[in-house]
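Inspection log for the structure reproduced underneath, given as structure tokens.
The values are calculated or read from the model by the stated rules, or taken from the named source; none is laboratory data. Here the structure is a predicted model, which is why all the values come from computation and not from measurement. Glycine gets a Cβ as well: all are built from the backbone with ideal geometry, and neighbour counts include every protein chain shown. To get the accessible areas, we keep the full protein, side chains included, count just its heavy atoms, and leave off ligands, DNA and RNA. Shrake-Rupley method; radii C 1.70, N 1.55, O 1.52, S 1.80 Å.
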Amino acid sequence: MRGSNFCAPICMPETIQALSSKKDYLDLVQQIQELDYAYYVQAEPKASDREYDRLYKILIQTETDHPDWKVEGSPSERVGGEPLGKFPTIQRNLPMLSLDNTYSKQEVIQFVNRVQKLAPKEKLTWVVEPKVDGVAVSLTYESGRLTLGATRGDGVTGDVITENLKTIRSIPLKLRDRSETSKSGKSAKATAQPDLFSTLDSRTGSTSWPAKLEVRGEVYISRSGFTSLNEKREAAGEAPFANPRNATAGSLKQLDPKLVAQRPLDISLYGLGEVEGIPDDFPKTQSDLLDYLQRLGLKTPRRTWKCASTDELIAAIEELDKIRNDFDFEIDGAVIKLESIPLRERIGYTSKAPRWAMAYKYEAEQGITRLTDISIQVGRTGALTPVAELEPVHLAGTMVRRATLHNEDELRRKDIRIGDLVVVEKAGEIIPVVVQALVDRRTGEEQIFHFPAECPECQGEVKKAQGKDEGDLGVVWRCVNHDCPAKARGRIIHWMSRRAMDIDGGGEVMACQLVEKGWVKDVGDLYELSVEQVASLERMGQKSAENFINGIAASKTRDMWRVLFGLGILHVGAGVAKAIAKKYKTMDDLRVASVEDLNSIRDVGQIIAESVCAWMGEPANQELLERLHRHGINMTSSIYQETSNEELPFAGKTFVLTGTLPTLTRPEATEKIEAVGGKVSSSVSKKTDYVVAGEEAGSKLEKAKKLERPILTEEEFLNLLGGG
Ligand code: IVH
């Protein structure tokens, strides 16, 4: 959400019309570039979603009507060009190196001493940066234009993935120049740097970017982006990605940039590759380099530490470790770099890594346990997922008994056998994963698992889905029998879940019993159940049966986005459902929407749009919707009415949630805030209106205290909303 309490920058008619002069068109290109920079790089939105969409549509209309006006670097280039057969490769003159790693603070001290010996007379200073757990890439700008984006590959040879990288909104297609920098004010003021754009390029006569500037950094998917991506995949019956890094790697490997455009990729840039035409006042320290890159419109690490001693280095590493879970992306270590760039060149490199930098890695939450069995879980779209049954192991504060093995390809690739000792990893809130089998510890008794040739639930036929969007996790076996009880169970569990229709008393056990009895095959059947029927189920009293039936009745008034999400339409996760409900407001309007119309929603790509239309076009689904309608299920949406948002009691107020709240989950608290017009931000600043803190609130709470922002308990928060 961009928020909604912004003024529209230009008064333009509501209807979308092409601009009539090239100058207006060029101004609009620049305006959208500015909005992208504010939103994606500075995280300070300057327009509402609605206004942005309108400007973007005008841009597209103008480029359609006047193709000869279209400029290189237009924001429309981000939607993704034509699919490729395979990626071309590039050879780098300056290889992309790796870093020496350590888990030991002692080795950090040894590293510092080693560098000091190589430069005995120098007073060494250092910068510590978060080590983003993503995929390394390089971006080349020639005369300020993005001309090449490539993967690291083996360091020398990388894949050219320019079109894929162009879809990442925080990557500028054109670098900012001096006038742009001073216009935004903020970034120019933030640094006490000499003006780095003051010399003119002798060949182009334009502002002096180096003729060629290769910047290097890490592409990543945020934790929240990862959760919603996996939600979409699960809604689509696809195997979820194991972690954000795999999801990033899988996304960048897609040959169709349009698919990449749908992935929530972001970037952090922290270094240089080849640079040609270096101006005299080019940065000479790492800190200045980061400022410089930021002023060119490139996204750099938000938080870094300058250190002048080993004690300060260790303190910085420890502080980052404490706060790293507060970042919305995975940080697997701290990178220590020598500040002085000229000194780095004297210190030099080994064949693999610089001698002037080192990565201190934080321990992953891993454990070793025995895999006692492999079971197959059949999801609501029929996907067969192998699951490792484990001897319980304590990881990241929870007892882990099961872990995903993703799919057959993954199982084969890792050669995991029943009886193996395995390494299990749990990172953040992500489902535990079997990382590897300890092959050396095998006794010979271990059994190879044979993937079933039929659905283990209904013995129905299974087919391998050759999806075009499977990332790097291979293909999924799927049961094709529509009446498979596992699929019915999955559909009912999903419909009743808290994130969908939120039906009290409707957990997994209940869904299993209802399906087993043959009373419920699709979600419409739930609304025909009687208290007597439910009370006759095993271990079910009259009171609980009444509660459950009341819960079903209460679900009839849920917002349309929940209905849409609950239906389990391929590719429609909660975020997409909200975006769709926000646009159409009623199911009747959605039913007649075209693919093109759906596709015009920012979060809805072609594939999702086609999936929704295909679902709506199925007679069986139309019948289901009509049946739900007859049962009185609400088919309209009201929570996201942007137009009336400003009248809401907390319009424009920013909340930050931190720690574990006693009763509310994060999505529930977020929903409550959004329902009253507020928005949720992930970090505390002077602009934060309220901080809602639960147990184990960490650095955000500290920051809120420091900035003297109002801090609320859950109870106070609920009272505030209730009373507001
Ligand atoms: S500097 C020659 N800085 O970690 C120096 N790398 O394990 C090259 N990484 O290959 C890297 N965050 O892909 C650097 N702030 C950061 C980083 C970072 C993540 C990655 C990078 C590197 C790998 C080494």
Among the residues in the range 364-378, are any of a type in the set (A, V, I, L, M, F, W, C) and within 15 Å of the ligand (Cβ to nearest atom)? yes
Here are the criteria: (1) open to solvent by less than 40 Å² (accessible area, probe 1.4 Å); (2) within 16 Å of the ligand (Cβ to nearest atom); (3) more than 27 Å from the chain's Cα centre (by Cα). Tell me which single one Thr248 does not satisfy. (3)
When residues of the range 294-323 are limited to those that are within 12 Å of the ligand (Cβ to nearest atom) and out of contact with any helix residue (DSSP H, G or I) (no Cβ under 9 Å at 6 or more places or on another chain), the one modelled with the lowest pLDDT: Arg302
Determine, yes or no, whether Gly724 is modelled with pLDDT under 90 and surrounded by fewer than 15 Cβ atoms within 10 Å (Cβ to Cβ). yes
Meets criteria (in contact with a strand residue (DSSP E or B) (Cβ under 6 Å, 6 or more places away or on another chain) and either farther than 30 Å from Gly81 by Cβ or open to solvent by less than 40 Å² (accessible area, probe 1.4 Å) (or both)) for Val335: yes
For the range 310-327, how many residues meet the condition of being open to solvent by 10 Å² or more (accessible area, probe 1.4 Å) and under 21 Å from Trp356 (Cβ atoms)? 5
Unique match (being small (Gly, Ala, Ser), surrounded by 21 or more Cβ atoms within 10 Å (Cβ to Cβ) and over 30 Å from Ile109 (Cα atoms)) among Gly277, Gly297, Gly271, Gly225: Gly297
Given (1) in a helix (DSSP H, G or I); (2) more than 18 Å from Leu139 (Cα to Cα), index of the condition Arg302 fails: (1)
Which one of these is closer than 29 Å to Gly277 by Cβ, away from the ligand (no atom under 16 Å from the Cβ), crowded, with 19+ Cβ neighbours inside 10 Å and not aromatic (Phe, Trp, Tyr): Gly144, Gly149? Gly144
Tell me, which residue of the range 90-105 that is open to solvent by 80 Å² or more (accessible area, probe 1.4 Å) and among the polar types (S, T, N, Q) is farthest from the ligand (Cβ to nearest atom)? Gln91
Out of the range 476-535, which residues are at positive phi and either surrounded by 15 or more Cβ atoms within 10 Å (Cβ to Cβ) or modelled with pLDDT of 95 or more (or both)? Asp502, Gly505
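Go through the range 261-290 residue by residue and tally those that are more than 10 Å from the ligand (Cβ to nearest atom) and polar (S, T, N, Q).
Counting residues in the range 261-290 that are more than 10 Å from the ligand (Cβ to nearest atom) and polar (S, T, N, Q) gives 3.
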Checked Glu345, Glu330 against criteria (more than 10 Å from the ligand (Cβ to nearest atom), modelled with pLDDT under 95 and crowded, with 20+ Cβ neighbours inside 10 Å); the one match is Glu330
Name the pairs whose Cβ atoms lie under 9 Å apart, with the first residue in the range 337-353 and β-branched (Val, Ile, Thr), the second more than 12 Å from the ligand (Cβ to nearest atom), and 6 or more positions between them or separate chains? Ile341/Phe282; Ile341/Pro283; Ile341/Lys284; Ile341/Thr285; Ile341/Asp288; Ile347/Val115; Ile347/Leu118; Ile347/Ala119
Name the one entry in Val115, Val137, Val128, Val108 that is under 19 Å from Leu173 (Cα atoms), within 16 Å of the ligand (Cβ to nearest atom) and outside any loop (DSSP other than H, G, I, E, B). Val137
